Structure formats: C-alpha cells, structure tokens
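Enquirer: Structure below; questions to follow.
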Amino acid sequence: MFKSELSHQLGAFHAWKQAQLRLLKQVRPWLEQQGLYTAEARSAIERAVRALSDDHLTVAVAGEFSRGKTELINALFFADYGRRLLPTNAGRTTMCPTEILSHRGRPPELRLLPIETRHSELSLAALCDDPRYWEVRTLPLDDADALAERLQMLTEYKTVSAREAMQLGLPGDPHTDGQQTRIPRWRLAQINIPHPLLAQGLRILDTPGLNAIGSEPELTYEMLPAAHAVLFVLGADTGVTQSDLQIWEQYIQHPGQPPRPGVMVVLNKTDTLWDEMRTKRQITDTIVRQCRDAAQTLAVDHGQVFALSAQKALLARIKHKPDLEARSGVTGLERYLGEALLANRMNIIRYEHTVLVREALEKLENMVRARQERSMQQQQSLLDLAGRSDSAIAQMLAETQAEHDHYQEVVDAYRVGRCQFSEHAARLRSTLDQSTLDETLDEIRRTMTGAWTTPGLKQAMRRLFGDINGRMAAAAEQTQAMRRLLRTLYRRFEGERRTATTHPPMYSLIKHQVDLGLLEQEAEVFRKSARTTLTEQHFVTKRYFSTIVQRARQAIAAAYAEADDWSKTAMEPLFNEVKEYRDGLAEEIQHLRDAAESRRTVQQRLTRLKRDQARLQAQLASLGKVREMLVEPGLRPPAKASGQN
C-alpha cells in the first residue's frame with residue numbers, strides 16, 4: 001500500500017507531542033510534591049497540555065470551479081485507497097464545502113446539511129453540533145462502486161425559483177433562465193472515514209468556487225482563516241485569472257496584510273502542457289514561466305508555488321509508476337505541505353505554550369537557587385556562632401529582630417498593593433465580561449430586525465465597534481495602571497533587599513486591539529462591496545454580521561482569559577520573594593535563640609541545613625532536565641518548489 005511522506009511527518013510529530021505530554025503529566029505531581037507547583041507553573045502547564053492534546057490540523061483547498069481541487073485531494077491524501085475516492089467529473093463537481101475527517105466515535109458515514117438550513121437563525125457551528133439538522137448516509141468502504149455512487153451526492157443540485165434562491169441568499173446560476181435557477185442541494189458535507197492521516201488529526205476542507213465561498217460568510221471568515229495550511233489551486237494553462245485573483249484577495253491573502261503562513265499556490269493540470277510536439281526543455285520553460293508569473297501576480301515567494309498534475313499523480317500512485325509520479329510534481333508539494341503544516345502548528349505550540357512552561361521552570365530554578373543561597377548563608381552564620389560569646393549572640397539577635405520588625409512594614413505595604421491590584425483586576429474583568437457584551441449585542445440585533453440593508457449594516461457595525469473599542473480602551477487603562485503598580489511594588493522590594501528579583505511578564509492588550517482593528521477594517525470593506533447592495537444579498541449581510549459578532553466575541557473572550565490568568569499570577573513571584581525572605585529572617589532569629597540556649601542545637605541545625613542543600617540541588621537538577629527536554633521536533637526548513645516537472 002502507498003504510504004506518503006506526509007504520513008511519516010505526521011507520525012513523527014504525533015510521537016513528539018505524546019512524549020511532551022507524558023513529560024508534562026509526570027512533572028505536575030512532582031512539582032506538587034516538592035512544593036514548587038506555583039500558579040504560574042500550573043497555568044503554563046495546563047495551557048501546554050491543552051495545546052498538545054489538540055490533534056486537529058486543518059488543510060483547506062480553495063480556488064475557482066474546475067481547477068482540479070478535489071482531484072488534488074485524492075492524489076495527496078487518499079491514493080492509498082487504490083482508486084479515486086472523491087468524485088471528479090468534467091465541469092463542476094463539489095457543490096458545497098466538504099470536510100473530510102476521522103471521528104473515532106462514528107462509523108464511516110456521509111453527513112449532509114440541507115441547503116434549507118440557511119433559513120435558520122442558528123450559526124453554522126451550532127448546526128454542526130445538532131444532529132437533528134443533518135441527513136446521514138453510511139459509506140460502504142468495501143464496495144468501491146457503491147462508495148463512488150454514494151459520494152456523488154456531493155455534486156447534487158436542485159432547481160428552484162429565482163425568488164427562493166434569493167430568499168436563501170444564493171446567487172443565480174447563469175446556465176439557467178431567469179425564472180428558474182440551480183442551487184446546491186447541500187450547505188455543508190462531512191465525510192467521516194477511517195484513514196491513517198485523518199486518525200492523526202488531519203482534517204481537509206474542500207471548498208467550492210467564488211460564489212459559493214462568498215455566500216457562506218462562516219466558511220469565508222471562520223473556517224478558511226482557521227486552517228493551518230491553505231492550498232490555492234490554479235490552472236497551469238490559464239495562470240491567474242480575474243476570478244482567481246478575486247478569491248485570493250478577498251478570502252486568502254488580503255492586500256496590504258502581512259503574508260499568511262502556511263499558504264501554497266498550486267498550478268494544477270500541467271499535463272495539459274505536455275505537448276509531444278515540443279521538447280521537454282520547452283515544456284519545462286513554459287511551466288517555470290507560469291510559476292514565476294503566478295508568484296508575481298499573487299505577491300508570494302516563488303518557493304510557495306508548485307506546478308503539478310493531480311490526475312497523473314493519482315494515476316501514478318495507484319498504478320505504482322514512480323517515473324510518472326516524479327514527473328507529476330506532487331512530491332515537492334507534499335513535502336513542503338507537511339513541513340509547513342507542522343511548522344505552523346509547532347510555532348503555535350512553541351511560542352504560545354511551551355515557551356511559557358520553560359519560562360515558569362526557569363523561574364522555579366531561580367527560586368531554588370535563591371533558597372540554596374539562603375541555606376548556605378544560614379550554614380555559614382551557624383558556623384560563625386560557634387566561636388561567638390553569649391553577649392555577641394544576644395546583640396546579633398537584637399539586630400536581626402529589628403530587621404524583621406522593619407521588614408514587616410514592607411509586608412504591610414505589599415498587602416496594601418496587592419489589594420489595590422486586585423481591585424484593578426476586578427474592574428478589568430468586569431470591562432471584558434461577556435455577559436455585559438452580550439447584552440449590547442442583543443440590543444443591536446433587536447434594532448436590526450427587518451433592516452438588513454447596507455445602511456442598517458453600517459449603523460450596526462458602528463455601534464458594535466464603538467462598544468468594543470470603548471471596552472478595550474477602558475481595559476487598556478486598567479492594565480496600564482496594574483503594570484505601574486507592579487513595577488512600584490517590585491522596585492520597592494528590590495530596594496529593601498538590595499537585590500534584583502524576578503519580574504512577571506507585563507501584559508498588554510495591544511495584540512487584541514490590533515486584531516479587532518483589522519476586523520473592523522474587514523467589515524468596512526465588506527460593507528462597501530457592491531454585492532452587499534443587492535437585495536438577494538441581505539441573507540449574506542445578516543450572516544456576515546453574525547460572523548463578525550462571533551469573531552469579536554472570541555477576541556474579547558481571549559483577552560478576558562489572558563487578563564484573568566495574568567492578574568492571578570503577576571503578584572505571585574513577589575509574594576514568594578516576600579514570604580521566603582520573611583521566613584529566612586524568622587529562621588535566623590530561631591538559630592540565634594537556639595544558639596543562646598544550647599550550642600548542641602546549632603550542630604543539629606547544621607545537619608538539617610546540609611540535608612536541605614542536597615534536596616535543593618536535586619530539585620535544581622530535575623528542573624533543568626525537564627526544561628531541556630521541552631524541545632521542538634527536528635523540523636527541516638520547508639522545501640523549495642522547483643516549478644519543474
């Protein structure tokens with residue numbers, strides 16, 4: 001059976017994630033046992049465990065009709081079936097967005113969401129979670145002909161009146177007369193099949209052409225942006241057409257935006273250029289020129305453009321023809337896809353999760369080193385006491401007690417500062433609270449009922465972003481005040497001790513403010529587009545507003561979660577420093593008192609401190625070992641496309 005390089009790459013990545021998960025799950029109880037499971041360590045480990053446990057890796061395949069997207073999916077992912085899994089015929093094939101996945105709790109099946117659900121007020125995500133709205137067909141995987149016939153349902157359409165299509169918010173079909181029009185029978189399809197790649201978390205999203213993408217805002221603005229990799233498919237013979245460019249700029253890479261990671265451009269159907277009356281060099285030059293022109297038009301690196309023949313690649317893999325497979329050009333894309341896909345996911349895990357665990361462990365190491373230093377100082381102090389007179393010990397006790405009393409003032413100031421910080425944190429959480437935001441959103445929706453026009457959308461967007469921007473500005477003021485308070489408290493403590501201490505990260509809402517600003521710009525572009533002024537697009541306008549609302553809620557929710565987490569952990573390093581320094585003074589006072597009473601107790605304490613020193617050294621070694629084991633997998637840089645076949 002054919003086994004792709006992508007399968008090996010995903011397998012190695014999955015094994016690495018499992019190893020990291022085992023390590024984190026082992027270190028948690030150890031940290032608890034050692035008294036090192038701080039709030040920061042707990043938060044970082046829990047976030048990393050959630051990220052590593054998420055196996056989903058989504059590859060979206062987008063492009064205009066008849067570019068060979070479905071055949072590309074067959075060649076890249078399902079050649080090991082020994083046949084064409086998904087239906088591909090001349091002209092239009094896939095009529096609705098199709099998700100291909102493996103759900104362990106379900107049998108092989110085809111789930112179909114009827115187009116009539118567009119009348120529902122429920123979001124696409126809500127409909128996906130409710131089995132009542134779906135039609136389900138079993139997939140006979142052991143019968144190739146029956147399976148092919150069953151999957152032909154993806155290509156089904158129905159003929160309805162132009163009025164009904166308008167009510168569903170669907171554009172008319174230019175191939176029919178003005179009274180009747182063809183529309184997809186299904187709104188969304190999900191294919192659940194057992195497959196090694198899918199079992200490792202891979203999900204594939206097959207999208208229809210321009211009109212279908214534009215009329216389903218949740219697909220456009222949620223599912224496509226959430227994909228870890230996007231294959232944008234063009235025709236090798238036509239290059240970038242006007243409709244291709246429209247899809248690219250509206251749904252894949254907005255002009256003026258930073259380059260999106262994980263995007264590959266595929267010039268498909270290169271076999272149409274395999275002219276036997278031309279030399280191989282001439283054919284190669286034509287393909288290279290098409291790749292270069294596509295890269296220039298789309299403003300992408302030439303290394304992201306791949307020329308191939310999906311049909312020849314599938315044939316070669318089914319018939320085991322390595323020469324044809326090499327000529328098809330599929331292997332370069334497959335290698336790049338695997339490396340880019342895993343690198344994209346790895347960057348998310350590394351920068352947003354694993355790095356936080358490493359930082360938390362480094363802080364624990366610093367804390368243990370500080371304990372070691374205090375222990376050594378106490379040992380030296382006890383050794384010095386052996387040669388001191390009783391009067392000298394009494395003098396040292398009085399001085400240490402005075403220092404302890406003075407330090408209590410620092411502790412009192414810390415408590416006052418902590419109360420102030422908690423008050424700011426409560427106001428910050430209230431500002432970003434979802435319940436008050438939802439009240440505003442419900443009010444906006446009520447005023448919009450029956451007024452889903454361009455002016456109505458403009459008014460709704462103004463109110464929505466006015467409220468959100470006001471919230472974010474108020475939240476930013478609170479975080480700024482909290483940062484100032486933190487710096488003041490930490491600097492005062494450092495001044496009292498005359499040593500530096502570990503500062504917490506200074507949280508900022510700037511990332512979320514930028515994201516919401518881009519969302520507002522995107523909404524303005526949509527509002528001004530010509531298609532929103534058409535009566536039949538009121539459905540799209542309404543759905544788009546709902547999608548914008550959902551994305552804004554997600555951004556606010558993410559800001560709330562991060563701010564809440566930060567407010568709970570930011571004071572912890574200072575709390576630990578204050579507590580440990582106070583405890584150290586208390587221990588020193590006890591040493592002096594014991595020494596004043598009996599010299600024998602000094603030796604007992606020395607023995608105990610030496611045991612503590614050994615325990616702290618073991619903790620330090622274990623923390624360093626765990627931190628070093630939290631490494632990224634050995635990913636190679638993504639391969640470059642040659643543009644040749």
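The values are calculated or read from the model by the stated rules, or taken from the named source; none is laboratory data. These figures come from a predicted structure and were not determined experimentally. Don't worry about glycine lacking a Cβ; one is built from the backbone with ideal geometry, like all the others, and counts go over all protein chains shown.
Enquirer: With respect to PRO97, determine if the residue is buried (at least 16 other Cβ atoms within 10 Å of the Cβ) and under 24 Å from the mean Cα position of the chain (by Cα).
Expert: On the way: buried (at least 16 other Cβ atoms within 10 Å of the Cβ): yes; under 24 Å from the mean Cα position of the chain (by Cα): yes.
Considered against the rule, which asks whether it is buried (at least 16 other Cβ atoms within 10 Å of the Cβ) and under 24 Å from the mean Cα position of the chain (by Cα), PRO97 comes out as yes.
Enquirer: Here is a further query. Among the residues of the stretch 456-472, is there at least one that is at pLDDT 80 or above, farther than 30 Å from ARG615 by Cβ and not in a helix (DSSP H, G or I)?
Expert: no
Enquirer: Going residue by residue through the stretch 316-325, is there one that turns out to be within 24 Å of ARG260 (Cα to Cα), among the β-branched types (Val, Ile, Thr) and modelled with pLDDT under 95? Let's see the steps before the verdict.
Expert: Our first condition is that a residue be within 24 Å of ARG260 (Cα to Cα); within the stretch 316-325, this holds for none.
Scanning the stretch 316-325, I find no residue that is within 24 Å of ARG260 (Cα to Cα), among the β-branched types (Val, Ile, Thr) and modelled with pLDDT under 95, so the answer is no.
Enquirer: Turning to a different aspect of this structure: For the condition part of a strand (DSSP E or B), of a type outside the set (Val, Ile, Thr) and either crowded, with 16+ Cβ neighbours inside 10 Å or touching a residue at least 12 places away in the same chain (Cβ under 8 Å) (or both), what is the one hit in ALA62, ALA51, ALA41?
Expert: On the way: ALA51 fails: part of a strand (DSSP E or B); ALA41 fails: part of a strand (DSSP E or B).
After applying the criteria, what remains is ALA62.
Enquirer: What's the total number of residues in the stretch 231-265 that are exposed (fewer than 15 other Cβ atoms within 10 Å of the Cβ) and at positive phi?
Expert: 1
Enquirer: For the stretch 266-286, how many residues are of a type in the set (A, V, I, L, M) and surrounded by 22 or more Cβ atoms within 10 Å (Cβ to Cβ)?
Expert: In the first step, residues of the stretch 266-286 are kept if they are of a type in the set (A, V, I, L, M); the result is 266-267, 273, 277, 283.
When the remaining residues are screened for being surrounded by 22 or more Cβ atoms within 10 Å (Cβ to Cβ), the result is 266-267.
Of the residues in that region, 2 qualify.
Enquirer: Separate question: Anything in the stretch 214-237 that is in contact with a helix residue (DSSP H, G or I) (Cβ under 8 Å, 6 or more places away or on another chain) and in a loop (DSSP other than H, G, I, E, B)? List them, or say none.
Expert: SER215, GLU216, HIS228, ALA236, ASP237
Enquirer: Those residues that are without any contact (Cβ under 8 Å) to a residue 40 or more places away in the chain and not in a helix (DSSP H, G or I), I need them from the stretch 308-327; list them, please. Break it down stepwise before answering.
Expert: Narrowing the stretch 308-327 to residues without any contact (Cβ under 8 Å) to a residue 40 or more places away in the chain: 315-316, 319, 321-326.
Hit for the stretch 308-327 is LYS321, nothing else.
Enquirer: When you check PRO108 against the structure, is it surrounded by 23 or more Cβ atoms within 10 Å (Cβ to Cβ) and either under 17 Å from ASP145 (Cα atoms) or not charged (D, E, K, R) (or both), yes or no?
Expert: So PRO108 does not fit the description; no.
Enquirer: In addition: Only residues in the stretch 449-478 that are closer than 18 Å to GLU439 by Cβ count as the first member; pair them with residues that are among the basic types (Lys, Arg) and at pLDDT 90 or above, Cβ under 9 angstrom, at least 6 apart or cross-chain, and list the lot.
Expert: What qualifies is ALA474/ARG427; ALA475/ARG427.
Enquirer: In this structure, is GLU135 modelled with pLDDT of 90 or more and in the same structural domain as ARG185 (by TED's automatic domain parsing)? Steps first, please.
Expert: Values: modelled with pLDDT of 90 or more: yes; in the same structural domain as ARG185 (by TED's automatic domain parsing): yes.
Taking the combined requirement at face value, the residue satisfies it.
Enquirer: Still on this structure, please answer the following. Give the number of residues within the stretch 351-401 that are more than 24 Å from PHE575 (Cα to Cα) and acidic (Asp, Glu).
Expert: Residues in the stretch 351-401 being more than 24 Å from PHE575 (Cα to Cα) and acidic (Asp, Glu): 4 in total.
Enquirer: Determine whether the stretch 110-132 contains at least one residue that is part of a strand (DSSP E or B) and out of contact with any helix residue (DSSP H, G or I) (no Cβ under 8 Å at 6 or more places or on another chain). Steps first, please.
Expert: The first filter runs over the stretch 110-132 and keeps only residues part of a strand (DSSP E or B), leaving 110-114.
From what is left, the residues that are out of contact with any helix residue (DSSP H, G or I) (no Cβ under 8 Å at 6 or more places or on another chain) are 111.
Within the stretch 110-132, one or more residues are part of a strand (DSSP E or B) and out of contact with any helix residue (DSSP H, G or I) (no Cβ under 8 Å at 6 or more places or on another chain).
Yes/no matrix, rows are residues, columns are (1) touching a strand residue (DSSP E or B) at 6+ places or on another chain (Cβ under 9 Å); (2) over 21 Å from ARG47 (Cα atoms); (3) surrounded by fewer than 21 Cβ atoms within 10 Å (Cβ to Cβ); (4) not hydroxyl-bearing (Ser, Thr, Tyr):
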residue: ALA294; (1), (2), (3), (4): yes, yes, no, yes
residue: VAL305; (1), (2), (3), (4): yes, yes, no, yes
residue: LYS321; (1), (2), (3), (4): no, yes, yes, yes
residue: ILE348; (1), (2), (3), (4): no, no, yes, yes
residue: GLU362; (1), (2), (3), (4): no, no, yes, yes
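Enquirer: I need the full set of residues from the stretch 250-281 which are more than 21 Å from GLY332 (Cβ to Cβ), at pLDDT 85 or above and assigned to a helix (DSSP H, G or I), in order please.
Expert: If we filter the stretch 250-281 for residues that are more than 21 Å from GLY332 (Cβ to Cβ), which is where we start, we get 250-251, 253-258, 275-279.
Then drop every residue that is not at pLDDT 85 or above, which leaves 253, 279.
Hits for the stretch 250-281: nothing passes.
Enquirer: Quick check, is ALA299 over 30 Å from LEU518 (Cα atoms) and modelled with pLDDT under 95? First the steps, then the outcome.
Expert: Working: over 30 Å from LEU518 (Cα atoms): no; modelled with pLDDT under 95: yes.
Against the criterion (over 30 Å from LEU518 (Cα atoms) and modelled with pLDDT under 95), ALA299 does not qualify.
Enquirer: On to the next question. Do we find that GLU352 is part of a helix (DSSP H, G or I), modelled with pLDDT of 75 or more and among the acidic types (Asp, Glu) in this structure?
Expert: Details: part of a helix (DSSP H, G or I): yes; modelled with pLDDT of 75 or more: no; among the acidic types (Asp, Glu): yes.
It is false that GLU352 is part of a helix (DSSP H, G or I), modelled with pLDDT of 75 or more and among the acidic types (Asp, Glu).
Enquirer: Just wondering, is there one or more residues in the stretch 564-580 that are surrounded by fewer than 20 Cβ atoms within 10 Å (Cβ to Cβ), among the charged types (D, E, K, R), closer than 30 Å to ALA394 by Cβ and at pLDDT below 75?
Expert: No: the stretch 564-580 contains no residue that is surrounded by fewer than 20 Cβ atoms within 10 Å (Cβ to Cβ), among the charged types (D, E, K, R), closer than 30 Å to ALA394 by Cβ and at pLDDT below 75.
Enquirer: Among the residues of the stretch 65-81 satisfying the criterion of being part of a loop (DSSP other than H, G, I, E, B) and aromatic (Phe, Trp, Tyr), which is farthest from ARG369 (Cα to Cα)? Show your work before the answer.
Expert: So the first thing to find is which residues in the stretch 65-81 are part of a loop (DSSP other than H, G, I, E, B), and the list is 65-68, 78.
Next cut, aromatic (Phe, Trp, Tyr) only: 65, 78.
Numbers: PHE65: 63, PHE78: 54 Å.
Ranking the qualifying residues of the stretch 65-81, first place goes to PHE65.
Enquirer: Can you find a residue in the stretch 277-285 that is over 29 Å from PRO255 (Cβ atoms), hydroxyl-bearing (Ser, Thr, Tyr) and in contact (Cβ under 8 Å) with a residue 12 or more places away in the chain?
Expert: Applying the first criterion (over 29 Å from PRO255 (Cβ atoms)) to the stretch 277-285 yields 277-285.
Keeping just the survivors that are hydroxyl-bearing (Ser, Thr, Tyr) gives 279, 284.
Imposing the further condition that a residue be in contact (Cβ under 8 Å) with a residue 12 or more places away in the chain reduces the set to 284.
Yes, that holds for at least one residue.
Enquirer: Something else about it: Looking for something of a type in the set (D, E, K, R), closer than 19 Å to THR207 by Cα, assigned to a strand (DSSP E or B) and at pLDDT 85 or above - is there at least one such residue anywhere in the stretch 84-99?
Expert: If we filter the stretch 84-99 for residues that are of a type in the set (D, E, K, R), which is where we start, we get 84, 92, 99.
Now restrict to residues that are closer than 19 Å to THR207 by Cα: 84, 92, 99.
Next cut, assigned to a strand (DSSP E or B) only: 99.
This time we only want the ones that are at pLDDT 85 or above, so: 99.
Looking through the stretch 84-99, at least one residue is of a type in the set (D, E, K, R), closer than 19 Å to THR207 by Cα, assigned to a strand (DSSP E or B) and at pLDDT 85 or above.
Enquirer: If I ask for residues that are assigned to a loop (DSSP other than H, G, I, E, B) and either touching a strand residue (DSSP E or B) at 6+ places or on another chain (Cβ under 7 Å) or among the aliphatic types (A, V, I, L, M) (or both), which ones from the stretch 238-249 would you list? Talk me through it step by step, then tell me what you get.
Expert: Going through the stretch 238-249, the residues assigned to a loop (DSSP other than H, G, I, E, B) turn out to be 238, 240-241.
Scanning the stretch 238-249 gives a single hit, VAL240.
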